[in-house]
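**Q** Structure provided below as structure tokens; questions to follow.
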Amino acid sequence: MDFRTEDQDGMCKALRVRWTITPRTAPQPWIRCSGCGSLRAFRSSNKIRLNANGRKFDAWLIYKCVTCDKTWNRPILDRQNVRDIDPAVLEALQSNDPDWIRAETFNLEALRQKSRRIDEFAELDVHKQLLRDAPDWTHLEIELSVPFPTSTRLDRLLASELHVSRTQLNRLHENGLLRTNPDRADSLRRRSRSGMQIMIDVSAVADRDRLWKLRSC
Ligand SMILES: [Zn+2]
């Protein structure tokens, strides 16, 4: 479904915004802690340990037990030949590049290979950007940008940012007044993902300027 092929009247009255969602805290894997003697959550220290042995490189991202601070080294490179390492990755590792490290702390796929339990955190920062203004708007079109994976469900995100209940959102969805692209019956219960679009018909909402006001444009 492409919203832009819908009736032109509706489209002209759509206020378009982009929400960029950034989780505040990186996922924490549960690892057996030798200090505590049991499974514990570990948080990233955001520091890399790099070891060169001739042409071979080892690299680890250092995590710390949230209870006792004991370290756990998460392997990033395992005796890899310098020829086989992406030069951008090697540069990031050698310089402790904070952006590269931050992205790596959200690498759920890699974390799942090391741990069966990973805590994810709901606190988010939502940066709102106006893409297209429309006078007398009757539809709100939200495009999500989610650079790091978040476990936050779409209905929780919309409810907290639009100040409506999840029951109200479900009712709008059932009545076809809230649509998503990609469109699925359970869209509202799924993780918020990059590229997702949400179109909400707010023509029946009398005080929509107050209800749907952008707060941080
Ligand atoms: Zn510990």
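Per-residue answers, yes or no, for (1) within 16 Å of the ligand (Cβ to nearest atom); (2) modelled with pLDDT of 95 or more; (3) closer than 22 Å to LEU93 by Cα:
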{"site": "THR22", "(1), (2), (3)": "no, no, no"}
{"site": "TRP30", "(1), (2), (3)": "yes, yes, no"}
{"site": "SER44", "(1), (2), (3)": "yes, yes, yes"}
{"site": "LYS47", "(1), (2), (3)": "no, yes, yes"}
{"site": "ALA52", "(1), (2), (3)": "no, no, yes"}
{"site": "TRP60", "(1), (2), (3)": "no, yes, yes"}
{"site": "CYS68", "(1), (2), (3)": "yes, yes, no"}
{"site": "THR71", "(1), (2), (3)": "yes, yes, yes"}
{"site": "VAL82", "(1), (2), (3)": "no, no, yes"}
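**Q** For the range 122-153, what are the residues that are closer than 30 Å to CYS33 by Cα and open to solvent by 60 Å² or more (accessible area, probe 1.4 Å)?
**A** Initially, the range 122-153 is screened for residues closer than 30 Å to CYS33 by Cα, giving 122-124, 148-152.
Of everything in the range 122-153, those that are closer than 30 Å to CYS33 by Cα and open to solvent by 60 Å² or more (accessible area, probe 1.4 Å) turn out to be ALA122, GLU123.
**Q** Follow-up question, since we're still on this one. Hey, among PRO98, PRO149, PRO87, which residue is of a type outside the set (D, E, K, R) and closer than 24 Å to ARG18 by Cα? Give the derivation first.
**A** Details: PRO98 fails: closer than 24 Å to ARG18 by Cα; PRO87 fails: closer than 24 Å to ARG18 by Cα.
One residue alone meets the criteria, PRO149.
**Q** Can you go through GLU91, GLU104 and tell me which one is over 20 Å from the mean Cα position of the chain (by Cα), more than 15 Å from the ligand (Cβ to nearest atom) and assigned to a helix (DSSP H, G or I)? Don't jump to the end; show me each part of the working.
**A** Values: GLU104 fails: over 20 Å from the mean Cα position of the chain (by Cα).
Exactly one residue qualifies, and that residue is GLU91.
**Q** Is it the case that the range 66-80 has a residue that's closer than 30 Å to LEU144 by Cα and open to solvent by less than 50 Å² (accessible area, probe 1.4 Å)?
**A** Of the residues in the range 66-80, the ones closer than 30 Å to LEU144 by Cα are 76.
Within this subset, residues satisfying the condition of being open to solvent by less than 50 Å² (accessible area, probe 1.4 Å) are 76.
Yes, the conditions are met somewhere in the range 66-80.
**Q** Identify the residue in the range 159-217 that is more than 14 Å from GLU143 (Cβ to Cβ) and assigned to a strand (DSSP E or B) and, among all such residues, is modelled with the highest pLDDT.
**A** LEU178
The values are calculated or read from the model by the stated rules, or taken from the named source; none is laboratory data. It should be emphasised that the depicted structure is a prediction, and the values quoted were computed from it without experimental measurement. When we count neighbours, we look across all protein chains shown, and the Cβ atoms used for this are built from the backbone with ideal geometry, even at glycine. What goes into the accessible areas is simple: the full protein's heavy atoms, side chains included, and nothing from ligands, DNA or RNA. Shrake-Rupley method; radii C 1.70, N 1.55, O 1.52, S 1.80 Å.
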